[in-house]
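Participant: Below: one structure in structure tokens.
The values are calculated or read from the model by the stated rules, or taken from the named source; none is laboratory data. Quantities reported herein were computed from a predicted structural model and do not represent experimental measurements. Neighbour counts are summed over all protein chains in view; Cβ atoms, including those assigned to glycine, are modelled from backbone coordinates with ideal geometry.
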Amino acid sequence: MKVGPLEKVHRGANDSFGADDGFLRRLGARVRSRRAELGISQEGLADIARLSARHLHAVEKGGQNVCILILRRIALALETPLEQLTVDSQVDETMAQSSELSYF
């Protein structure tokens with residue numbers, strides 16, 4: 001039986017999804033950069049977005065897999081379109097060209 005890519009991720013068997021860590025780091029960097037651009041402290045942004053400062057810190061470091069609703073609150077607090085935080089110009093070519101993604 002053929003195993004789909006999402007099943008492999010849950011099993012930890014697909015190394016091409018290791019790119020997720022890089023995506024999370026770049027996402028965190030975009031949040032941090034926009035926050036700095038607006039002159040908002042980490043604690044201030046956390047208050048506005050109704051998050052703990054600890055959670056926001058983890059997001060900015062790329063160590064937190066953030067759910068879409070939390071990311072939406074962060075984007076609203078930053079007065080930034082959600083897409084601006086999530087669009088990733090450094091797409092993992094291995095993942096993009098993977099024949100396993102043909103399931104979708």
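Participant: Please work out if R50 is modelled with pLDDT under 95 and surrounded by fewer than 18 Cβ atoms within 10 Å (Cβ to Cβ).
Facilitator: Here the answer is no, as R50 does not meet what is asked.
Participant: Do you know which residues across region 53-76 are part of a loop (DSSP other than H, G, I, E, B) and either on the phi > 0 side of the Ramachandran plot or surrounded by 15 or more Cβ atoms within 10 Å (Cβ to Cβ) (or both)?
Facilitator: Matches in region 53-76: G62, Q64, V66.
Participant: Now for a different question. Suppose we keep only residues that are without any contact (Cβ under 8 Å) to a residue 24 or more places away in the chain and among the charged types (D, E, K, R) within region 32-55. Which one would you say is farthest from A77 (Cα to Cα)?
Facilitator: Among residues in region 32-55 that are without any contact (Cβ under 8 Å) to a residue 24 or more places away in the chain and among the charged types (D, E, K, R), the one farthest from A77 (Cα to Cα) is R54.
Participant: Might you check whether a residue that is closer than 17 Å to Q42 by Cβ, modelled with pLDDT under 95 and touching a helix residue (DSSP H, G or I) at 6+ places or on another chain (Cβ under 8 Å) occurs anywhere in region 69-80?
Facilitator: No, region 69-80 contains no residue that is closer than 17 Å to Q42 by Cβ, modelled with pLDDT under 95 and touching a helix residue (DSSP H, G or I) at 6+ places or on another chain (Cβ under 8 Å).
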